[in-house]
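Below is one structure, written out as structure tokens; the observations come after it.
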Amino acid sequence: MSTESPVIPDVVELLHDMVAIDTTNPGGDEAGAADLLAGLFARHGLDTAVDQFDPEHANIAATASFGTGGPTIVLNSHLDVVPAVGDWTTPAFAPEIRDGRMYGRGSADAKGSLAAMAVAVLRLVRADDTDGFCGTIKYTAVGDEEVGSRGARHLLASADGIDGAIIGEPTGLRLLSAHKGSVRPVIEIKGRAAHAAAPEKGLNAIHAAAPLLALLNDYAAELSTRVHPLTGAPTAVPVLIHGGEAPNAVPERCRITVDRRLVPGETASTALFEIESLLAKFNADQAPFTATIAECAPSTGGPSQTPDTSPFVATCRKALEDVHADSSLGGLIVNCDMTHFRAAGIPTVVIGPGELEAMHVCDESIQLDELRRAVDVYEAILRRFMTP
């Protein structure tokens, strides 16, 4: 029987294998991607478990411990990807390398982070200079981040004793200590139905959408003046509209979904209160039309921030300096699972390979040099964290 240690995979090869598994949310094979990672970690002797927490979604956790006691750090990102719509140059789940980049859905968001984190953990486990290290690394890859963050919520429901967390998202390897959140109110305008041959007898809810959209545009302009130093200004964007009941009827109802991005310091309830105030003006000006918030569409969650003065943030910044990387702080303009870790009181930052512009687009890709660099960055953070 061979006693040779298993080989640590090349990060590019590992990412290739991960991107080739279609984990589209909804309907993708998250469990297949979790099994791939679980097999890798198990071969290297890590305590590993796959948690199929509902029929469509799965998490995986792998644990590596050094010394006795010490702090616990979590490396976390998500298995699921958004649908690969659009006219792709090559099939979205047949990853291809050209001009120093890997193309494929999930290459940047966020399987590049997952692959780099995995290789960093295995390099540390196999390193011969860790005798003085003390602490525990928990590698976690979660499902359903792109829709409802059920994977992160499920993971944190039973997690305790975590002293810091790194969330992998495409940041160009810049350290981010804050991110925006979102709330998505669905506004319903109600008019009065009538036969389309007698439109004067009805109140056309689609017509009434125009003045409401004008109010929303004014509101968005006002939001642009509220600039957060790390994440920029909040936004309000109409993203979906649906109206009418039949092709021969004056529409009684029209629904507009608004994506309201929240900056740290804002809450969903305060943003919804502002929109309710806007609707009150609409109802006064456009009576007898009425507009109300009928419901809220799903969202990953609210904004969050880890204070710049946090010792965990300081440790991460020093680790970046160790590998001559940019240690300045920034903010993420999109949602991520950091919000759930912060809600649990865990100091958390976001950092990963890939550009924000590559997220959710046709021909998503990641620069391979940056992917390899990410392994060094994650390993440096872990080394700093494990050193007493």
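Worth pointing out:
- Backbone N under 19 Å from the Val7 label point (7 Å along Cα→Cβ), restricted to segment 363-388: 372
- Calculated FRET efficiency, Asp128 to Asp17, Cβ-Cβ distance, R0 = 35 Å: about 0.80 to the nearest 0.05.
- Gain on full extension, evaluated as 0.36 nm per residue between Glu222 and Ala343 minus their Cα-Cα distance, stands at 40.7 nm.
- The chain: mean projected area of Cα convex hull, nm²: 22.1
- Sequence-distant lysines (8 or more away, or on other chains) whose Cα lies within less than 18 Å of Lys111: Lys138
- Stretching His195 away from Cys362 to a fully extended chain increases their span by 55.8 nm, per 0.36 nm per residue minus the current alpha-carbon distance.
- Convex hull volume per residue for segment 276-374, taking Cα atoms only, in Å³: 171
- Equivalent-ellipsoid semi-axes of segment 1-41, from the Cα gyration tensor, Å, largest first: 25, 12, 6
- If you run the Gaussian network model on the chain, springs between alpha carbon atoms under 10 Å, then out of Ala62, Ala196, Ala31 the most flexible one is Ala196.
- Computed FRET value (nearest 0.05) for Ala280 with Leu213, which takes r as the C-beta separation and R₀ as 22 Å: 0.85
- Annotation: the antiparallel percentage among DSSP beta bridges lying fully within the chain is about 70.
- FRET E, pair Val323, Cys296, Förster distance 35 Å, beta-carbon r, rounded to 0.05: 0.25
- Restricting the calculation to Cα atoms, every distinct pair contributes to the Kirkwood radius of segment 30-77, found to be 11.8 Å.
- GluC sites (Glu not before Pro) restricted to segment 236-324 and DSSP loop, no more than 15 other C-beta within 10 Å: Glu245
- Here, segment 192-339 is characterised by an Rg to Rh ratio of 1.17, where Rg is the alpha-carbon radius of gyration and Rh the Kirkwood radius.
None of the figures in this text is laboratory data; all of them are computed from the coordinates on show. Quantities reported herein were computed from a predicted structural model and do not represent experimental measurements. Note that each Cβ is placed from the backbone with ideal geometry, even for glycine, and that neighbours are counted across all protein chains shown.
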